[in-house]
Amino acid sequence: MILAIDIGGTKFAMAVFDGVRMVRRESRATDAQGGREWMLKQIAGIVSRWKQEFPILGCGIGFGGPVNFAAQRVVLSTHVGGWRDFDLCDFVRSLIGGPVVMDNDANVGALGEAKFGAGKGCSPLFYMTLSTGIGGGIYADGQVWRGADSYGGEIGHLTIRPEGPECLCGARGCYERMCCGLWLERDYGKPAKELMQDAEFVTRYVVDLALGLKAAIRASCWASRPSFFDSLWVMVGTLRALATITWWPSGFSKRLIQAEWLPHSTAMRRRGAPAKCRRNAASVQRTRPRSTTSPSSSTRQKWL
C-alpha cells in the first residue's frame, strides 16, 4: 500500500491507497505558528498508527511551496517557517522504511489530474492551484515540465500589478499577493468564503485573476514551447470558497478569450477543493531525475 501526504499552508491531508482505491484518509488544519516541528509530529503520529493496520511500501508527497525536485528537498515555505532546505523525504523514509518521492503540490496536481482526474486525455495541460497561495503545474507529452531548476510552473510571484502592495518575496503586486486566500483575508478582514458572496467584490477580483492567469500561461508555456498554445487545457484547483463563484469556469474562460488573453482553442475545467492525496500516491511511480541543479534566485532566498 502507498502513503500519500499533502502539506499546505491552511491544512494538510494524509491517505493510504491500495492501488487506486483510497482506504484511509485524515485531514487537519495546519498550525502555522507551530512551524515545521509541529507538522513533523503530526505526520509521525499518523504514520505510527497506520503502520499497525496497513503494510505501507512507499510514499508520495505534495508540498505547498518550492521543491528542488532533482535533489528531493524542500526549498522553503512562504507561509510556514522552518522548512528551508529540509530533507522531508528522508524524514518520512525513516518512518516507513520504504521509497519516498516529493514534488511541489501544483506539479503533483497536474500529474494526478492528467492521469486520474478531469484532465485525462488533456495534453498539454496547465494546472493552477488557487488556495492559501497560488502555484502552477505544466503537463505535456506524458510528463510534468519543471524547467531547469524546478521552478517551471511557479506562477505565484509573477507581477501583475507593479504598483500593488508588497509581497513576502519583496516584490510588489505579485499574483499571489493580489489573489490568494491568505492575503484576501488579511487585506479585507473577511474569509474568502464570505468575500466570494459579494458580487461587487467578485467583479473586481476576477480582473486580477485573469491578469495573473494570462501572465502565468504565457510565462510558463509560451516562452518555452509555443506549441502549448495550439490546444491548451487549463485546470484550476480552488478553495471551496472560490468554487462558489456561480459563473466560473465557463464565464471566466469566456472573458479571457474575449480579451484575447487566451486562444479560442483553450478549454478550462475547475476542480473544487480536489483530493490531492490521490495524485501524491500516483507520484510514487515517477522516476527521480539525475540532475542535481538547485534554485539560484537570490530573491527567493529572502522568503521565510
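Given the options 32, 44, 71, name the one that is assigned by TED's automatic domain parsing to the domain that holds residue 9, in contact (Cβ under 8 Å) with a residue 40 or more places away in the chain and within 15 Å of residue 150 (Cβ to Cβ).
Testing whether each residue is assigned by TED's automatic domain parsing to the domain that holds residue 9, in contact (Cβ under 8 Å) with a residue 40 or more places away in the chain and within 15 Å of residue 150 (Cβ to Cβ) leaves just 71.
Kindly check whether there is at least one residue in region 158-181 that is in contact with a Gly (Cβ under 7 Å, 6 or more places away or on another chain) and without any contact (Cβ under 8 Å) to a residue 12 or more places away in the chain.
yes
Determine the pairs where a residue that is over 21 Å from residue 193 (Cα atoms) and in the same structural domain as residue 164 (by TED's automatic domain parsing), located within region 205-217, has a partner that is modelled with pLDDT of 85 or more and among the charged types (D, E, K, R) with Cβ atoms under 9 Å apart, the partner being 6 or more residues away or on another chain.
211/161
Quick check, is residue 25 modelled with pLDDT of 90 or more, outside the structural domain of residue 137 (by TED's automatic domain parsing), closer than 25 Å to residue 182 by Cβ and part of a loop (DSSP other than H, G, I, E, B)?
no
Between residues in region 76-103 that are surrounded by fewer than 16 Cβ atoms within 10 Å (Cβ to Cβ) and residues that are of a type in the set (Phe, Trp, Tyr) and in a strand (DSSP E or B), which pairs lie under 9 Å by C-beta distance while being six or more apart or on different chains?
none
In region 136-168, how many are surrounded by fewer than 23 Cβ atoms within 10 Å (Cβ to Cβ), among the hydroxyl-bearing types (Ser, Thr, Tyr) and in contact with a strand residue (DSSP E or B) (Cβ under 8 Å, 6 or more places away or on another chain)?
1
Considering each of 34, 45, 65 in turn, give the residue that is within 23 Å of the chain's Cα centre (by Cα), part of a helix (DSSP H, G or I) and of a type in the set (Gly, Ala, Ser).
Every option except 34 fails the conditions.
Taking region 4-20 as the region of interest, how many residues are at pLDDT below 90 and either in a loop (DSSP other than H, G, I, E, B) or surrounded by fewer than 14 Cβ atoms within 10 Å (Cβ to Cβ) (or both)?
Counting residues in region 4-20 that are at pLDDT below 90 and either in a loop (DSSP other than H, G, I, E, B) or surrounded by fewer than 14 Cβ atoms within 10 Å (Cβ to Cβ) (or both) gives 5.
The values are calculated or read from the model by the stated rules, or taken from the named source; none is laboratory data. It should be emphasised that the depicted structure is a prediction, and the values quoted were computed from it without experimental measurement. Note that we place each Cβ from the backbone using ideal geometry, even for glycine, and neighbour counts take in every protein chain shown.
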